[in-house]
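Notes to accompany the following structure.
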Amino acid sequence: MQLGRVTIKFVFLFALVLFLRCSATAQNRIPLVIDTDANHGVDDQPAIAYAIFRQDVFDIRGMTSNVTPGGGTIDGFHNELVDIVALCGAKNQFPIAKGPDFTEGFEDFEKLKDRNDFEGIDAVNLIINAANAPDISEDNKLVVVAIGRSTNMALAIYKDPGIISKVTYRFMGTGFPEEMNLSTNGADAGALKQIFNSGMEIHITPRWAIYQEPPYGLMITHKQMKSLAGQGLVVDPPVYVRSRKASFDQFGDWALNRWNNGDVPNPKQMWDFGALLPITDPNMATGREYGAPDVANGFLVKRPNNKNRVTVWSDFNRSNCINHLLETIIKSKK
């Protein structure tokens with residue numbers, strides 16, 4: 001049962017998207033929802049751009065915003081998502097919903113799971129509605145990619161367990177199976193425990209896979225980023241990106257401006273691209289299956305004999321993967 005308050009405008013837009021996109025199965029595109037903490041670093045935005053520029057593969061059913069501790073309030077994260085989607089020429093192509101504001105502290109899943117009226121429940125309902133679309137089934141699953149925290153997904157399956165068998169969940173985070181700490185996902189321990197024990201199909205791109213030594217890993221250099229100057233789909237009129245306090249008409253110019261005017265390491269990790277790439281090009285990485293872990297006292301607990309399995313992606317072909325990302329953005333220019 002759908003819970004919470006949703007604006008009439010949001011309901012109309014969501015219904016319109018479902019009506020226009022339910023032919024995705026016939027087109028063999030992958031139904032996709034992205035749940036992002038864009039505004040925390042510079043790697044979410046290229047992942048969002050990649051998904052938008054690969055709509056030959058993805059049928060984007062919506063995007064939702066979430067908060068990573070230390071990155072400000074939900075408004076900043078949500079505004080960044082809205083602005084980057086517009087900069088990629090996808091304004092009004094699919095619904096975008098604001099998630100809960102997690103600035104009160106950790107374990108937000110436990111705080112929110114039995115509430116139905118919190119601000120930000122639109123993001124949870126977007127996931128539920130997308131998973132309950134007429135064309136979504138166990139044979140044609142909705143893919144939810146979390147490039148941020150997992151609270152929205154955990155709340156969705158808690159409130160509507162019927163979607164568990166119809167969703168494939170992919171996320172970037174944790175150190176599993178090499179490390180048992182949750183890293184930046186530590187604030188999401190309750191949510192991950194809910195997800196790992198749900199029985200849903202789960203794919204993980206762990207943090208250590210991004211750091212792997214060449215020829216592996218997903219690291220981009222400043223020199224490679226400079227190749228995006230003047231590249232990307234041209235949008236008219238230009239989009240005012242609130243986080244940069246400047247207007248841009250191409251994603252490539254935004255990316256280079258963000259690198260040049262921020263404390264960005266060289267090379268830079270493309271964390272969140274790593275959650276999407278195994279969907280479009282699984283041959284560029286290696287997937288290995290493990291028993292789904294549990295979460296206890298803020299740490300992962302291995303369960304090798306667990307019948308519920310997770311697939312862990314690593315050994316990304318660094319050169320091919322980064323070139324593929326850059327080429328996808330460059331080729332979007334019309």
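The values are calculated or read from the model by the stated rules, or taken from the named source; none is laboratory data. Small disclaimer: the values here were computed from a predicted structure and weren't measured. Methodologically, a virtual Cβ is constructed for each residue, glycine included, from the backbone with ideal geometry; neighbour enumeration extends over all protein chains shown.
Taking ASP139 and the conditions (1) under 19 Å from the mean Cα position of the chain (by Cα); (2) of a type outside the set (Lys, Arg); (3) surrounded by fewer than 24 Cβ atoms within 10 Å (Cβ to Cβ), which numbered condition does it fall short on, given that it satisfies the others?
With (1) under 19 Å from the mean Cα position of the chain (by Cα); (2) of a type outside the set (Lys, Arg); (3) surrounded by fewer than 24 Cβ atoms within 10 Å (Cβ to Cβ) applied to ASP139, the lone miss is (1).
Only one of PHE10, PHE14, PHE53 is within 21 Å of GLY120 (Cβ to Cβ) and either at pLDDT 95 or above or buried (at least 21 other Cβ atoms within 10 Å of the Cβ) (or both); which?
PHE14
Name every residue in the stretch 94-128 that is modelled with pLDDT of 95 or more, over 18 Å from ASP75 (Cα atoms) and in contact with a helix residue (DSSP H, G or I) (Cβ under 6 Å, 6 or more places away or on another chain), in order of residue number.
Correct list: PHE94, ILE127, ILE128.
Somewhere in the stretch 86-107, is a residue farther than 27 Å from ASP253 by Cβ and in a helix (DSSP H, G or I)?
Looking through the stretch 86-107, none of the residues is farther than 27 Å from ASP253 by Cβ and in a helix (DSSP H, G or I).
Every residue in the stretch 241-263 that is of a type in the set (A, V, I, L, M) and in contact with a strand residue (DSSP E or B) (Cβ under 8 Å, 6 or more places away or on another chain), please.
Across the stretch 241-263, the qualifying residues are VAL241, ALA246.
With the condition kept exactly as written, say whether any residue in the stretch 98-106 is under 20 Å from MET172 (Cβ atoms), more than 17 Å from the chain's Cα centre (by Cα) and surrounded by fewer than 24 Cβ atoms within 10 Å (Cβ to Cβ).
Scanning the stretch 98-106, I find at least one residue that is under 20 Å from MET172 (Cβ atoms), more than 17 Å from the chain's Cα centre (by Cα) and surrounded by fewer than 24 Cβ atoms within 10 Å (Cβ to Cβ), so the answer is yes.
Name, by its number, the condition in (1) without any contact (Cβ under 8 Å) to a residue 60 or more places away in the chain; (2) part of a helix (DSSP H, G or I); (3) surrounded by 22 or more Cβ atoms within 10 Å (Cβ to Cβ) that does not hold for LYS223.
Every condition holds for LYS223 apart from (3).
When the stretch 278-323 is examined, which residues are found to be closer than 26 Å to HIS222 by Cβ and among the hydroxyl-bearing types (Ser, Thr, Tyr)?
Result: THR280, SER314, SER319.
Considering only the stretch 81-93, state which residues are within 15 Å of the chain's Cα centre (by Cα) and touching a residue at least 24 places away in the same chain (Cβ under 8 Å).
Passing the criteria: LEU81, ILE84, VAL85.
Can you pull out the residues in the stretch 178-201 that are of a type outside the set (Gly, Ala, Ser), at pLDDT 85 or above and surrounded by 17 or more Cβ atoms within 10 Å (Cβ to Cβ)?
LEU192, LYS193, GLN194, ILE195, PHE196, MET200, GLU201
Out of everything in the stretch 129-152 that is part of a helix (DSSP H, G or I) and modelled with pLDDT under 95, what residue ends up being farthest from PRO95 (Cα to Cα)?
THR151
Any idea which of GLY175, GLY162 is under 22 Å from ASP315 (Cα atoms), over 17 Å from the mean Cα position of the chain (by Cα) and either surrounded by 24 or more Cβ atoms within 10 Å (Cβ to Cβ) or modelled with pLDDT of 90 or more (or both)?
Only one candidate qualifies: GLY175.
Among the residues of the stretch 292-300, is any closer than 23 Å to GLY199 by Cα, touching a His at 6+ places or on another chain (Cβ under 8 Å) and part of a strand (DSSP E or B)?
Looking through the stretch 292-300, none of the residues is closer than 23 Å to GLY199 by Cα, touching a His at 6+ places or on another chain (Cβ under 8 Å) and part of a strand (DSSP E or B).
The rows are residues; the columns are (1) among the small types (Gly, Ala, Ser); (2) crowded, with 16+ Cβ neighbours inside 10 Å; (3) without any contact (Cβ under 8 Å) to a residue 40 or more places away in the chain; (4) in a helix (DSSP H, G or I).
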| position | (1), (2), (3), (4) |
| --- | --- |
| HIS203 | no, yes, no, no |
| GLY230 | yes, no, yes, no |
| TYR240 | no, no, no, no |
| GLY252 | yes, yes, no, yes |
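What tally of residues in the stretch 267-322 results from selecting those that are surrounded by 15 or more Cβ atoms within 10 Å (Cβ to Cβ), among the basic types (Lys, Arg), over 21 Å from ASP37 (Cα atoms) and touching a residue at least 24 places away in the same chain (Cβ under 8 Å)?
So the answer is 1.
Select from the stretch 186-218 the residues that are of a type outside the set (A, V, I, L, M, F, W, C) and under 14 Å from ASP294 (Cα atoms) and list them in ascending order.
Result: GLY186, ASP188, GLY190, LYS193, GLN194, ASN197, SER198, GLY199.
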